[in-house]
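The values are calculated or read from the model by the stated rules, or taken from the named source; none is laboratory data. All of these numbers come straight from a predicted model, not from anything done at the bench. Here the Cβ positions follow ideal geometry from the backbone for every residue, glycine too, while neighbour counts run over all protein chains shown.
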Amino acid sequence: MPTPILNSSDEMPNEPDTKLPLNIVLVGFMATGKTTIGRRLARKAGFKFIDCDHEIEKQQGMKISEIFSDHGEEHFRQLEAEYLQSLRDKQSLVISTGGGVVTHEEARKILPTLGYVVWLHAKKREIHERIMRNTNRPLVRTLDPWKTIKTLLKQRKPQYKKVAHLKIKTHGLDINETVQGILDSACYHFASQRRATEQLCAESTPNDE
């Protein structure tokens, strides 16, 4: 059975002295499964699922692709950072972020303060295959999507690593294995902070079929 891959201790983000909110935050490149895994994770943990892209679309009354085309990427990244800021006092959430959220300096500072940050990672070829089935992703509407994916991944990997407490490879893992690996790691992390984790770690919550 494949095993989730943990970051070593020297890869952990700098954390504030205060205890983290009892949330799980998913980061990672587009098409690595943040929404699918996030929904399943939230159901199993009994948490509320938050899709940042979806919430920003509701706030702005526009699709992400429209925000990019009408206002530019930098404007969208600022909207992401502002939305993350609005979640700072929330608890019991699974937060799925946009693939490029780590490119914004303010967002990178906010992410590790929101909860336990999990970096979902997949192979480039698998990402490419998934992305090519969805033409709504603005950053890969290029003449050479494969080259764009490789370039963006190279730029973003150090930024994902900087904010994440845990890295999990999603290729080759069943979704239930991935969810359980995240839950086990998050339970251990929050328990080490002497947090009340009964809801998060309740083993009686059934798996979703």
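Data overview
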read-out: Boolean, Pro13 is more than 15 Å from Val101 (Cβ to Cβ), surrounded by 13 or more Cβ atoms within 10 Å (Cβ to Cβ), modelled with pLDDT under 95 and within 16 Å of the chain's Cα centre (by Cα); value: no
read-out: Candidates Thr148, Thr142, Thr113 - the one that is among the β-branched types (Val, Ile, Thr), part of a helix (DSSP H, G or I) and over 18 Å from Glu80 (Cα atoms); value: Thr148
read-out: Residues that are in contact (Cβ under 8 Å) with a residue 12 or more places away in the chain and either over 23 Å from Glu57 (Cβ atoms) or part of a loop (DSSP other than H, G, I, E, B) (or both), drawn from the range 91-110; value: Gln91, Ser92, Thr97, Gly98, Gly99, Gly100, His104
read-out: Residue within the range 39-52 that is of a type outside the set (Ser, Thr, Tyr), without any contact (Cβ under 8 Å) to a residue 40 or more places away in the chain and out of contact with any Asp or Glu (no Cβ under 9 Å at 6 or more places or on another chain) present; value: no
read-out: Residue that is farthest from Asn23 (Cα to Cα), among those in the range 39-90 that are part of a loop (DSSP other than H, G, I, E, B) and out of contact with any helix residue (DSSP H, G or I) (no Cβ under 9 Å at 6 or more places or on another chain); value: Gly72
